[in-house]
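Visitor: A single structure is presented below for examination.
The values are calculated or read from the model by the stated rules, or taken from the named source; none is laboratory data. Treat the numbers as computed from the prediction; the structure is a model and nothing was measured. When we count neighbours, we look across all protein chains shown, and the Cβ atoms used for this are built from the backbone with ideal geometry, even at glycine.
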Amino acid sequence: MLTYRLLPSPSSKLLPPLIRTLSTSQTRTISASSNPKTVLVSPEEKSRGHLTNQNLELANRALHHDGLVVLENAISHEKLDFLNEKMVDDAKKLQARGEDSPYNYNKGNIQQDPQLTKRYFDKEIFLNPLATQVTSSVLGPRPRLSFISGNSALPPSPGVQQTAQPTHSDADFAHPSSPFALVVNIPLVTMTPENGSTEIWLGTHKYGQEAQEGEHGERASGRIREEWLSERRRVRAPARPVVRKGSVVVRDLRVWHSGQPNWTREVRVMLAMIHFAGWYRNPMEVNFSEELRGELERWGRDLVIQGRYAPEKEAEEKYLEGKFGNAYDFDQRDRLDVVF
Ligand SMILES: O=C(O)CCC(=O)C(=O)O
Ligand SMILES: [Fe+2]
């Protein structure tokens, strides 16, 4: 909560309805909204693959201010349904591996790569032009796409504790204090507090490693320290928003968040593509099937796609052997030795 002195000026009438008045006559307290800004994508914007300047401004300002924005009605439902069927199936296979499943923090949330072959690749999902327009407006032209994966919140199952992940930042290393990486999250179903909508702490992209404990490399890295959480909760509480199917969530990599338990019977898959600034030297590569090369070159021109290509059969065999959590490294090469 931000505490303002009460000014006897007419402008105070213009303050938003979220103002809460404290008991003293000297101060009033403003609690910033915990919920994200949403850009309602029009059918024309969706089919052109281009937001109007007004909507782009809204997305850009939300990312600078909150570190997150939702683009609603951006993706066709039937495309999501097709991929969801496959990924729910795969999630069950991964879950069956038990202790060897690629889980992050706890077994109810697994890291799950999509099968990047011709059959399951859709440019509207993996190279969404509206998402790229938004990320380029913050990161600069041609962001680098070096990570495509997903997070699946699993329904209750015997022997698996349904617990929330610790609140964490995925930027669990000394990172720039300017925007350098945006995660493009695409849930394949509507996300709700019941099926494990990610808890998000808006505005926390402005904090650095000082708020964290757990080094990169530990299974539970990037955890936010308890005292920072309670302090921040007073300023701006976290939210678990309903995110409607068809939405794209663009989130600054630094934003504090935590995966939540899924209390329903359906797996909740959320894709994650990371766009890094062109100048940011992240060396990861995405595994694609060779057959996708042409499509990626044609439709991915506004990105630098850091890909590794394998024959389709090999890509099919390997995609479920991907890494998880700390095996990914979102840091960059040749870090500058500079202090601001
Ligand atoms: O699944 C989610 O909602 C978030 C997962 C997550 O943040 C993680 O595994 O790092
Ligand atoms: Fe995370």
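Visitor: Does Pro176 satisfy being crowded, with 17+ Cβ neighbours inside 10 Å and in a loop (DSSP other than H, G, I, E, B)?
Guide: Yes, satisfied.
Visitor: Now for a separate question. So is Glu194 without any contact (Cβ under 8 Å) to a residue 60 or more places away in the chain and either surrounded by 18 or more Cβ atoms within 10 Å (Cβ to Cβ) or more than 16 Å from ligand 2 (Cβ to nearest atom) (or both) or not?
Guide: No; evaluated as a whole, the condition is false for this residue.
Visitor: Hey, among Leu303, Leu271, which residue is at pLDDT 95 or above, surrounded by 16 or more Cβ atoms within 10 Å (Cβ to Cβ) and farther than 30 Å from Asp100 by Cα?
Guide: Leu303
Yes/no per residue for (1) touching a residue at least 40 places away in the same chain (Cβ under 8 Å); (2) out of contact with any strand residue (DSSP E or B) (no Cβ under 7 Å at 6 or more places or on another chain):
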{"site": "Val269", "(1), (2)": "yes, no"}
{"site": "Glu285", "(1), (2)": "yes, no"}
{"site": "Leu296", "(1), (2)": "yes, no"}
{"site": "Glu321", "(1), (2)": "no, yes"}
{"site": "Phe324", "(1), (2)": "yes, no"}
{"site": "Ala327", "(1), (2)": "no, yes"}
{"site": "Asp334", "(1), (2)": "yes, yes"}
{"site": "Asp337", "(1), (2)": "no, yes"}
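Visitor: OK, next. Restricting attention to the range 121-138, does a residue exist that is buried (at least 21 other Cβ atoms within 10 Å of the Cβ) and of a type in the set (Lys, Arg)?
Guide: No: the range 121-138 contains no residue that is buried (at least 21 other Cβ atoms within 10 Å of the Cβ) and of a type in the set (Lys, Arg).
Visitor: Which of the residues spanning the range 241-261 are closer than 21 Å to Ile75 by Cβ, outside any strand (DSSP E or B) and out of contact with any helix residue (DSSP H, G or I) (no Cβ under 9 Å at 6 or more places or on another chain)?
Guide: Matches in the range 241-261: Pro241, Val242, Arg244, Ser247.
Visitor: Taking only the range 316-340 into account, find how many residues are outside any loop (DSSP other than H, G, I, E, B), closer than 26 Å to Glu124 by Cβ and under 25 Å from the mean Cα position of the chain (by Cα).
Guide: 3
Visitor: Do we find that Ser157 is assigned by TED's automatic domain parsing to the domain that holds Gln306, at pLDDT below 95 and either touching a Lys or Arg at 6+ places or on another chain (Cβ under 9 Å) or within 16 Å of ligand 2 (Cβ to nearest atom) (or both) in this structure?
Guide: In short, yes.
This table checks each residue for (1) more than 25 Å from Ser47 (Cβ to Cβ); (2) among the β-branched types (Val, Ile, Thr); (3) at pLDDT below 95.
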{"residue": "Leu80", "(1), (2), (3)": "no, no, no"}
{"residue": "Asn84", "(1), (2), (3)": "no, no, no"}
{"residue": "Glu99", "(1), (2), (3)": "yes, no, yes"}
{"residue": "Asn106", "(1), (2), (3)": "yes, no, yes"}
{"residue": "Gln115", "(1), (2), (3)": "yes, no, no"}
{"residue": "Tyr120", "(1), (2), (3)": "no, no, no"}
{"residue": "Ser137", "(1), (2), (3)": "no, no, no"}
{"residue": "Asn151", "(1), (2), (3)": "yes, no, no"}
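Visitor: Quick check on the range 274-300: of everything there that is surrounded by fewer than 17 Cβ atoms within 10 Å (Cβ to Cβ) and small (Gly, Ala, Ser), which residue is nearest to ligand 2 (Cβ to nearest atom)?
Guide: By that ranking, first place goes to Gly278.
Visitor: Name, by its number, the condition in (1) more than 19 Å from Arg225 (Cα to Cα); (2) more than 13 Å from ligand 2 (Cβ to nearest atom) that does not hold for Thr163.
Guide: Only one criterion is unmet by Thr163, namely (1).
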